[in-house]
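All remarks here apply to the structure that follows.
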Amino acid sequence: MSPTLFERIIAREIPSTVVYEDDDYIAIKDIAPKAPVHLLVIPKKVSTRIDEISDAAEMGRLWLTAVKVAQSQLADYRLVVNVGAGGGQEVFHTHIHVLGGWDTGSAVGFGG
Ligand code: AMP
């Protein structure tokens with residue numbers, strides 16, 4: 001198996017702007033932001049898509065990390081996960097999108 005794009009980012013083979021990192025997770029700025037603030041929270045343990053994670057503690061730590069990263073930069077925010085190609089997923093290494101920074105009232109509607 002060749003490494004995923006995000007494994008290569010974690011290994012610093014591909015440059016990115018890292019906003020958070022610990023032993024198990026990394027958060028980077030999205031290269032093509034869809035909001036004024038757009039981060040990706042990525043587990044270092046590879047899974048293809050979030051529904052491959054069956055361990056509740058592992059799932060909980062991922063979401064807690066996403067919330068911690070979001071709260072470090074934003075008062076209000078949106079967390080999004082695209083699951084599978086039909087769900088809009090393009091990078092097949094589990095990640096949570098953190099989106100925010102819109103002016104109050106101007107956040108696009110869900111799916112907009
Ligand atoms: P998804 O469609 O949920 O798989 O999201 C993948 C995200 O990765 C997209 O929002 C891309 O803009 C983002 N992305 C792709 N390549 C890079 C990269 N080299 N550095 C940072 N973000 C990236």
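The values are calculated or read from the model by the stated rules, or taken from the named source; none is laboratory data. Computed from a predicted model, the values in this text were never measured in an experiment. Cβ atoms come from the backbone with ideal geometry, glycine included; neighbour counts cover every protein chain shown. Ligands, DNA and RNA are excluded from the accessible area calculation, which covers all protein heavy atoms including side chains. Shrake-Rupley method; radii C 1.70, N 1.55, O 1.52, S 1.80 Å.
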Total residues in the stretch 45-100, condition more than 12 Å from the ligand (Cβ to nearest atom), touching a residue at least 40 places away in the same chain (Cβ under 8 Å) and open to solvent by less than 40 Å² (accessible area, probe 1.4 Å):
5
What number of residues within the stretch 67-80 satisfy the criterion of being assigned to a loop (DSSP other than H, G, I, E, B) and within 18 Å of Gly109 (Cβ to Cβ)?
1
Of all the residues that make up the stretch 6-59, how many are closer than 28 Å to Trp102 by Cα and either part of a strand (DSSP E or B) or out of contact with any helix residue (DSSP H, G or I) (no Cβ under 9 Å at 6 or more places or on another chain) (or both)?
26
If you go through the stretch 12-26 one residue at a time, how many are open to solvent by 60 Å² or more (accessible area, probe 1.4 Å), over 13 Å from the mean Cα position of the chain (by Cα) and more than 11 Å from the ligand (Cβ to nearest atom)?
3
If you check Lys34, Lys29, which single one turns out to be under 14 Å from Ala70 (Cβ atoms), among the basic types (Lys, Arg) and surrounded by fewer than 16 Cβ atoms within 10 Å (Cβ to Cβ)?
Lys29
Quick check on this structure: which one of Trp63, Trp102 is of a type in the set (A, V, I, L, M, F, W, C) and assigned to a loop (DSSP other than H, G, I, E, B)?
Trp102
Suppose the filter is basic (Lys, Arg) and away from the ligand (no atom under 11 Å from the Cβ); does Lys34 pass it?
no
Count - residues of the stretch 1-11 that are of a type outside the set (Val, Ile, Thr) and open to solvent by less than 50 Å² (accessible area, probe 1.4 Å)
1
Residues satisfying the stated conditions in the stretch 14-42, i.e. closer than 15 Å to Val80 by Cβ and free of Cβ contacts under 8 Å to residues at least 40 places away in the same chain:
Ala32, Pro33
Is one or more of the residues making up the stretch 29-36 touching a strand residue (DSSP E or B) at 6+ places or on another chain (Cβ under 9 Å) and small (Gly, Ala, Ser)?
yes
